[in-house]
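*Asks:* Please read through the structure below; I'll follow up with questions.
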Amino acid sequence: MHTPVHSRSRARGGLIAWACLTVAIVAEVVGTSFMADAARHGGYLGYAVMAVALAVSYYFLALSVRGIAVGVAYAVWEGLGLTLLTLVGIVVFQDSLSAQQMLGLLMAAAGIVCVTLGEGHGS
């Protein structure tokens, strides 16, 4: 039988999992941004930051799947990472997107929202 204490504990575990996923996403964006910078401008420091940040990202992604379904965690990690990296590319690296690319990103974002909202209703 579930008591309010168990419900609070499970909710707290879910919040921790989502916090871990957030750290994983931020670390992925940082690592991949440094990779892009190092590839464009040279220098090994960028690659070193990339390696550490991506290792941190995968570690926290692994922690997140303790409380989030692996498919959902990976979809959110990859989708939000892609979206944030696109914004970094536009703002920092002056990349540009075609209308088709923008539409694809918007569709990916809508899919992420659907997957995330459905996470709590699977059990």
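*Asks:* With angles folded into 0 to 90 degrees, how steeply does helix 44-64 sit against the dominant principal axis of the chain? Use alpha carbons for both and round to 10.
*Replies:* Between the helix axis and the principal axis of the chain, the angle is about 20 degrees.
*Asks:* While we're looking at this one, here's another question. Using a Gaussian network for the chain with springs between C-alpha atoms less than 10 Å apart, which of these wobbles most: A99, A108, A17?
*Replies:* Comparing A99, A108, A17 in the GNM, the peak value goes to A99.
*Asks:* Helix 70-91 against the longest principal axis of the chain: what's the angle in degrees, Cα atoms only, rounded to the nearest 10?
*Replies:* Compared with the principal axis, the helix lies near 30 degrees.
*Asks:* Can you give the extra length, in nm with one decimal, that the chain gains between V91 and A55 once fully stretched, where that is 0.36 nm per residue apart less the Cα-Cα distance?
*Replies:* Length gained, V91 through A55: 10.5 nm.
*Asks:* Another question about this same structure. Pull out the extension gain between L45 and L117, defined as 0.36 nm times the separation in residues minus the alpha carbon to alpha carbon distance; nm, one decimal.
*Replies:* Once the chain is fully extended between L45 and L117, it gains 22.0 nm.
*Asks:* Region 83-115 to region 40-59: how many Å between their Cα centroids?
*Replies:* Taking the Cα centre of each part, region 83-115 and region 40-59 sit 22 Å apart.
*Asks:* Over the chain, what relative contact order in percent results from Cα pairs under 8 Å that are six or more residues apart?
*Replies:* Relative contact order of the chain: 28 percent.
*Asks:* Can you tell me the length gained on complete extension of the stretch A62 to A109, counting 0.36 nm per residue apart and subtracting the Cα distance?
*Replies:* Computed gain between A62 and A109 is 14.7 nm.
*Asks:* Per DSSP helix of 4 or more residues, -39500 (n - 2.57); summed, then divided by the residues of the chain. What does that give at 222 nm, rounded to the nearest 500?
*Replies:* About -29000 deg cm²/dmol.
*Asks:* On average, how much accessible surface per residue is there in the chain, in Å², for a 1.4 Å probe, leaving out ligands, DNA and RNA?
*Replies:* Ligands and nucleic acids excluded, the figure is 65 Å² per residue.
*Asks:* Moving to a separate point now. Please determine, in degrees from 0 to 90 and to the nearest 10, the orientation of helix 4-41 with respect to the longest principal axis defined by the Cα atoms of the chain, where the helix direction is its Cα long axis.
*Replies:* Relative to the chain, helix 4-41 is tipped by roughly 10 degrees.
*Asks:* Can I ask one more? Counting every Cα pair in region 35-123, what percent are over 23 Å apart?
*Replies:* 39
*Asks:* So, with a 1.4 angstrom probe, what is the percent of accessible area on the chain that is carbon and sulfur?
*Replies:* Result for the chain: 72 percent of the exposed heavy-atom area is carbon or sulfur.
*Asks:* Which FRET efficiency, nearest 0.05, do Q100 and A69 yield, Cβ-Cβ r, R0 30 Å?
*Replies:* 0.45
The values are calculated or read from the model by the stated rules, or taken from the named source; none is laboratory data. Treat the numbers as computed from the prediction; the structure is a model and nothing was measured. Here Cβ is always computed from backbone atoms with ideal geometry, including for glycine, and neighbour counts include all displayed protein chains. For accessibility, only protein heavy atoms count, side chains too; no ligands or nucleic acids. Shrake-Rupley method; radii C 1.70, N 1.55, O 1.52, S 1.80 Å.
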